[in-house]
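Engineer: Structure in structure tokens, see below.
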Amino acid sequence: MKGVCLMPTERLSMRRIRDVLRLKFEAGLSDRTLAAAVGISKGAVAAYVYRARASGLSWPLPAGLDDTALERRLFPGPPAPEAARRPVPDWAQVERELRRRGVTRALLWQEYRAQHPDGFGYSWFCEAYDTWKGQVSPTMRQSHVGGEKVFVDFAGDTMSVIDPGSGEVWQARLFVACMGASNLVFAEARASETLADWLGAHVNLFAALGGVPKFVVCDNLKAAVTNTGAPTGTAASGADQPRPPPPSACARRRPPGPRPGACSPPCRNAAWSLALSRCDGHL
């Protein structure tokens, strides 16, 4: 409607707006006469009448239309932006699915678009997921696939072991392994941190798991690493094996900060295991 200001300087109460509509539609007063009768400007009268007609209202008003409903009809809020109307994926569920073998961002986005054809594009999907991951925790986060990685290390603390036959007490080194995705823990007391005990602990680890993970991630242990400049596993780790051993990924020398994988989970679980035996200090 040309020349009509749709936002009067001060909105009337719903009771007075009802009077305006009644006098206009039922009594048929002109805008000038109605404005003088109600005590508002002619432009305000025209604005209220225009809003009523645009929302399909006349007089009498529909039965049961209370003041709240009338206000929503006459003064609807601004339309939501197009982006706000699009469904947003459940990012926590996306992260859980990405831990499954063979699941990629592209696959999850395709499933999302199949359910919501008007959803966001792939670039937005990846950027929004990265933003969500950055807001979840300020610490470094890793997404692990089930059965892909096992983190191994010797705990720094030793524990006393009593020989049940002789009563001899010896200090054992605790070998600890932690699966990346499930946090499944394997721990075993060994006599030393030599290569023989290192390999023996792995044999028992794989037997307990019932299989071999795709990667074994270790710290810079002398028995496991031959070159700290470009860390590689020892040659003995693949000797006399009927099948190729899993690849080893080793932490580099003098890292810039705490390592999120190789050291933290095994050592953290080792500390927990040692705490369980704190009552007498022996295992």
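Engineer: Among the residues of segment 157-168, are any within 30 Å of Gly102 (Cα to Cα), assigned by TED's automatic domain parsing to the domain that holds Pro213 and of a type outside the set (D, E, K, R)? Talk me through it step by step, then tell me what you get.
Structural biologist: Step one: of segment 157-168, the residues within 30 Å of Gly102 (Cα to Cα) are none.
No, that holds for no residue.
Engineer: Here's another thing I want to ask about it. Quick check on Leu107: is it surrounded by 11 or more Cβ atoms within 10 Å (Cβ to Cβ) and more than 21 Å from the chain's Cα centre (by Cα)? Walk me through how you get there before you give the answer.
Structural biologist: Working: surrounded by 11 or more Cβ atoms within 10 Å (Cβ to Cβ): yes; more than 21 Å from the chain's Cα centre (by Cα): no.
The answer is no for Leu107.
Engineer: Follow-up question, since we're still on this one. Taking segment 95-104, which residues are over 15 Å from the mean Cα position of the chain (by Cα) and surrounded by 15 or more Cβ atoms within 10 Å (Cβ to Cβ)?
Structural biologist: Val103
Here is a yes/no grid of residues against (1) modelled with pLDDT of 85 or more; (2) on the phi < 0 side of the Ramachandran plot; (3) of a type in the set (A, V, I, L, M, F, W, C):
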residue: Leu12; (1), (2), (3): no, yes, yes
residue: Arg18; (1), (2), (3): yes, yes, no
residue: Lys24; (1), (2), (3): yes, yes, no
residue: Arg53; (1), (2), (3): yes, yes, no
residue: Trp59; (1), (2), (3): yes, yes, yes
residue: Ala63; (1), (2), (3): yes, yes, yes
residue: Arg72; (1), (2), (3): yes, yes, no
residue: Pro78; (1), (2), (3): no, yes, no
residue: Ala83; (1), (2), (3): no, yes, yes
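Engineer: I've got another one for you. Grab the helices (runs of 4 or more DSSP H) fully contained in segment 24-103, keeping just those with 1 or more residues being of a type in the set (Gly, Ala, Ser) and in contact (Cβ under 8 Å) with a residue 40 or more places away in the chain.
Structural biologist: Numbers: elements: 31-38, 42-54, 67-74, 82-85, 91-98.
Hits in segment 24-103: 42-54.
Engineer: Return yes or no: is Val203 over 35 Å from the mean Cα position of the chain (by Cα) and at pLDDT 90 or above? Break it down stepwise before answering.
Structural biologist: Working: over 35 Å from the mean Cα position of the chain (by Cα): yes; at pLDDT 90 or above: yes.
Yes.
Engineer: Tally the residues that are assigned to a strand (DSSP E or B) and either charged (D, E, K, R) or exposed (fewer than 15 other Cβ atoms within 10 Å of the Cβ) (or both), restricting the search to segment 180-214. Break it down stepwise before answering.
Structural biologist: Within segment 180-214, the subset assigned to a strand (DSSP E or B) is 185-190.
Okay, now just the ones that are also either charged (D, E, K, R) or exposed (fewer than 15 other Cβ atoms within 10 Å of the Cβ) (or both), so 188, 190.
So the count comes out to 2.
The values are calculated or read from the model by the stated rules, or taken from the named source; none is laboratory data. Worth saying up front: this structure is predicted, and the values here are computed from it rather than measured. With ideal geometry, Cβ positions are generated from the backbone for all residues, glycine too; neighbour counts draw on all protein chains shown.
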